[in-house]
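The values are calculated or read from the model by the stated rules, or taken from the named source; none is laboratory data. Given the structure is predicted, the values throughout are model-derived calculations rather than measurements. Cβ atoms come from the backbone with ideal geometry, glycine included; neighbour counts cover every protein chain shown. Note: accessible area is taken over every heavy atom of the protein model, side chains too, but ligands, DNA and RNA are not part of it. Shrake-Rupley method; radii C 1.70, N 1.55, O 1.52, S 1.80 Å.
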Amino acid sequence: MDIKLQQLKYFLLVVEHGGFRAASVRANRSQAALSTSVKELDKILGQRLFEAGHKVKLTPFGEACLPKIQHFMKQYQDLESDLWATAIGQRGKVRIASVPSVAAKLIPQVMASFTESHSNVEVSLIDDNAIGIEARLLAGEVDLAVGHCLHINDNNIDFTPLLSDPLGVVCLADHPLACCTQGLSWQQLRAFPFIINGTCQLLDNTPARVLFDHALYSVENITSLFSILELGIGITILPKLAFPSHHQKLTWIPLNDPSIERIIGILRFKERQISPQAEAFYQLCLQELNKINLNQFNHSSFN
């Protein structure tokens, strides 16, 4: 016969309230019911917990059991509280994957707001390229991904667009192209060495694709890319959000032909139900990213 949780609770009530009568009032049960429950616990354990004829004095066995039962009940109560907190999204963990530019400029603001309302929830942020965040999402490594969706028609991905991020040319501030502040066409770039990076795939299926044919370098890491650009080795194309706001050596110039915008949004895996914590983070992303001053990045809202 297994020990029942109620039997342990009644045993502690009798000890804490100094007798069966007071304990029965506290438990809103009859004194006979409490007495029967404790006797059943005695039978299961094979030892009496209270001295015979003295209903409030513990036996040596009862004295030995008391701290163990108290410890167990404390753990049970802590577990119960933790499970309830997790169920309503106040504890647990949220795993987010984001493209680096969004992770650096947009997600911190969301995390700050999330921490205010979910101070006991751990947030894990992983930055990766667009291919990587989708792969992590589909593999179940993260709950949500934030960035641009490469496979926008993928039946497994739910993509909620939030804002647009225009592409532009990045070059040295004293580069011959730097004076064209109103914008450039891809034809104007052909005379200069070109550096391919991950976001250049957005130029696929456009006339600007020919820039790749004579590219000197292909660089995926954004830090390495800026280091190479600062040496004047070549030029590249990046979304506005990926460019540092006050870079001293480099400048960003809109690409007018072709005019392309990277759509930033939230990716969810359709077939997986996310936790209450992740749902709260998702809703906060929708709220906070829609409030961003898009003019700061030369963006326009995407509704």
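Which count do you get for residues in segment 162-176 that are in contact with a Leu (Cβ under 7 Å, 6 or more places away or on another chain) and open to solvent by 10 Å² or more (accessible area, probe 1.4 Å)?
Applying the first criterion (in contact with a Leu (Cβ under 7 Å, 6 or more places away or on another chain)) to segment 162-176 yields 162-163, 165, 167-173.
Now drop any that are not open to solvent by 10 Å² or more (accessible area, probe 1.4 Å), which leaves 172-173.
Of the residues in that region, 2 qualify.
The single residue among GLN70, GLN47, GLN7, GLN90 that is in a loop (DSSP other than H, G, I, E, B) and at pLDDT 90 or above turns out to be GLN47. For segment 121-130, the condition of being on the phi < 0 side of the Ramachandran plot and loosely packed, with under 15 Cβ neighbours inside 10 Å holds for at least one residue.
Where in segment 103-195 are there helices (runs of 4 or more DSSP H), lying wholly inside it, with at least 2 residues that are at pLDDT below 90?
Values: elements: 107-117, 130-138, 186-189.
Ranges flagged: 107-117, 130-138.
In segment 105-121, is there at least one residue being under 22 Å from GLU220 (Cα atoms) and aliphatic (A, V, I, L, M)? Within segment 105-121 (the criterion being under 22 Å from GLU220 (Cα atoms) and aliphatic (A, V, I, L, M)), the answer is yes, since at least one residue qualifies. Annotation note: Cβ proximity below 7 Å between a residue of segment 258-284 that is surrounded by fewer than 17 Cβ atoms within 10 Å (Cβ to Cβ) and a residue that is among the β-branched types (Val, Ile, Thr) and modelled with pLDDT of 90 or more (sequence gap 6+ or interchain) occurs for PRO258/THR206.
Within segment 195-216, can you find the residues that are hydroxyl-bearing (Ser, Thr, Tyr) and touching a Leu at 6+ places or on another chain (Cβ under 9 Å)?
Step one: of segment 195-216, the residues hydroxyl-bearing (Ser, Thr, Tyr) are 199, 206.
Answer for segment 195-216, where residues must be hydroxyl-bearing (Ser, Thr, Tyr) and touching a Leu at 6+ places or on another chain (Cβ under 9 Å): just THR199.
When GLU134 is tested against (1) surrounded by fewer than 19 Cβ atoms within 10 Å (Cβ to Cβ); (2) charged (D, E, K, R); (3) within 24 Å of ILE222 (Cα to Cα); (4) touching a residue at least 12 places away in the same chain (Cβ under 8 Å), just one condition goes unmet, and that condition is (1).
Does LEU13 satisfy being touching a helix residue (DSSP H, G or I) at 6+ places or on another chain (Cβ under 9 Å), surrounded by 16 or more Cβ atoms within 10 Å (Cβ to Cβ) and more than 14 Å from GLY62 (Cα to Cα)?
On the way: touching a helix residue (DSSP H, G or I) at 6+ places or on another chain (Cβ under 9 Å): yes; surrounded by 16 or more Cβ atoms within 10 Å (Cβ to Cβ): yes; more than 14 Å from GLY62 (Cα to Cα): no.
No; evaluated as a whole, the condition is false for this residue.
At least 3 residues being β-branched (Val, Ile, Thr), within 20 Å of ASN129 (Cβ to Cβ) and modelled with pLDDT under 90 is the threshold, and among the strands (runs of 3 or more DSSP E) wholly inside segment 218-303 not one reaches it.
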